[in-house]
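Trainee: Before I ask anything, let me first share the structure, which is written out below as structure tokens.
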Amino acid sequence: MAVLNPREELVSLLRGSFSCPMISSLGKRGVLTLMLEKPFTVESFSEIVDKDLFASVLIYFVSLGLLKSAGQVDKSGQQTYVVTEFGDKIFRRYGSFNLLNSYGAFLSKIDEMLFEPFNEEKPRCDRLENVIGSGQTNGRKFFPKALAMLEKMNLGLIADIGCGDGNFLSRVMNIFPAVSVIASDISKTSVDFTMQNLKKLFPEAQIDSVLTNAADVESWASVVAEHSQGTQGQTVISMWYLIHEISQGKEEVVIDFLTRIHKACPQAGIMIGEIVAIPEDVLATNRYGSIMPEFLFFHDVSGQGVLGWDQYQSILTKIPYELAGESLFDIVKDGDGELPTGFVWHLKPKKVGKQ
């Protein structure tokens, strides 16, 4: 790992507190996407109310190398800007900023929570911003690999447990126009957002929803089983970043969860996308190339059980499924070996009698 000098390390730590909320806000509002399309001025975005503040943001982005002057002034005397090559790479990944910024309310209270009696409920993440960030980030990294695995199948029914904003389901429906869909989440915001998006994009599609806790397998698996009976083709149950929410950090909880799914839907395959707990010393030596320290911090304070790669390998030997497909993401060095910080698994039921 290349090592920054102490001042560069300091600056890299300080800068995120300013840049993250700005990029996150403009990304989720669609402004960054418009910036990427053509040259613009402060006046190009009618949705922005405080033009003076926005002008300062643009100047700040120029100082970071994200924007540059287009070398021209419009008829009203406004400076014209364009996105730089570096800015293009950053702005297209605004979902990562949404993910971190969704915990902004928590971080704004960190001083009070650490040093004063804090009797009120601890701030939670901004669910909608988190959903937007997850959908954008997964759509760039995880989803294409999962879709490539699904394209090899005769897919009849897709059930997304923890559906987020419905991004994955919409991509599946683009590839399989006749597929039946079940969207499930514990969050009414997510279910409503997903149903609204999918109905708008696919008004003739067969879409059902289940508002429930994913850990209550029977509540949603019974719906999947019922729909499977009248469906031509294979059934796949997808779950993105869900295992760590229900695992309690224990292998046996995940094994029981997957076994109960198999009992309720014995013919269904499973698509899992997850992050992996990486040892702190390994993260330290890979800190310039990963935001896993931030991810794992928030999952830890939220009481979510992100599992290690060795635990997932152990789980794979103790469930009624076998690995039909695998993609690993953002590999980090661990001594002489390597560890993925994320993965996609396609699991299919083991044949009867196969151990």
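The values are calculated or read from the model by the stated rules, or taken from the named source; none is laboratory data. Just so it is clear, the structure is predicted and the values come from calculations on it, not from any experiment. Reconstructed Cβ throughout: ideal geometry from the backbone, glycine too, with neighbour counts over all protein chains shown.
Trainee: For region 62-83, what are the residues that are farther than 22 Å from residue 94 by Cα and among the hydrophobic types (A, V, I, L, M, F, W, C)?
Mentor: 70, 73
Trainee: A further question follows. Can you confirm whether region 165-172 contains a residue that is modelled with pLDDT of 95 or more, in a helix (DSSP H, G or I), under 14 Å from residue 271 (Cβ atoms) and touching a strand residue (DSSP E or B) at 6+ places or on another chain (Cβ under 8 Å)?
Mentor: Yes, some residue in region 165-172 is modelled with pLDDT of 95 or more, in a helix (DSSP H, G or I), under 14 Å from residue 271 (Cβ atoms) and touching a strand residue (DSSP E or B) at 6+ places or on another chain (Cβ under 8 Å).
Trainee: Now, a different point. So, in region 70-87, how many residues would count as being at pLDDT 95 or above and loosely packed, with under 15 Cβ neighbours inside 10 Å?
Mentor: Total meeting the criteria: 2.
Trainee: If you take the residues of region 42-63 that are touching a Ser or Thr at 6+ places or on another chain (Cβ under 9 Å) and loosely packed, with under 15 Cβ neighbours inside 10 Å, which of them is modelled with the highest pLDDT?
Mentor: 60
Trainee: Can you confirm whether residue 322 is acidic (Asp, Glu), assigned by TED's automatic domain parsing to the domain that holds residue 214 and without any contact (Cβ under 8 Å) to a residue 60 or more places away in the chain?
Mentor: yes
Trainee: Does any residue of region 136-152 turn out to be surrounded by fewer than 22 Cβ atoms within 10 Å (Cβ to Cβ), over 18 Å from the mean Cα position of the chain (by Cα), assigned to a loop (DSSP other than H, G, I, E, B) and not polar (S, T, N, Q)?
Mentor: Yes - at least one qualifying residue is present in region 136-152.
Trainee: So which residues in region 305-355 are over 18 Å from the mean Cα position of the chain (by Cα), acidic (Asp, Glu) and closer than 24 Å to residue 281 by Cα?
Mentor: Scanning region 305-355 gives 310, 334, 336, 338.
Trainee: Let me ask something else. Return only the number of the condition from (1) of a type outside the set (Phe, Trp, Tyr); (2) at pLDDT 95 or above; (3) buried (at least 16 other Cβ atoms within 10 Å of the Cβ); (4) not in a strand (DSSP E or B) that residue 314 does not satisfy.
Mentor: The one condition residue 314 does not meet is (3).
Trainee: Can you name every residue in region 1-41 that is of a type in the set (D, E, K, R) and surrounded by 15 or more Cβ atoms within 10 Å (Cβ to Cβ)?
Mentor: Listed by number, the list holds a single entry, 28.
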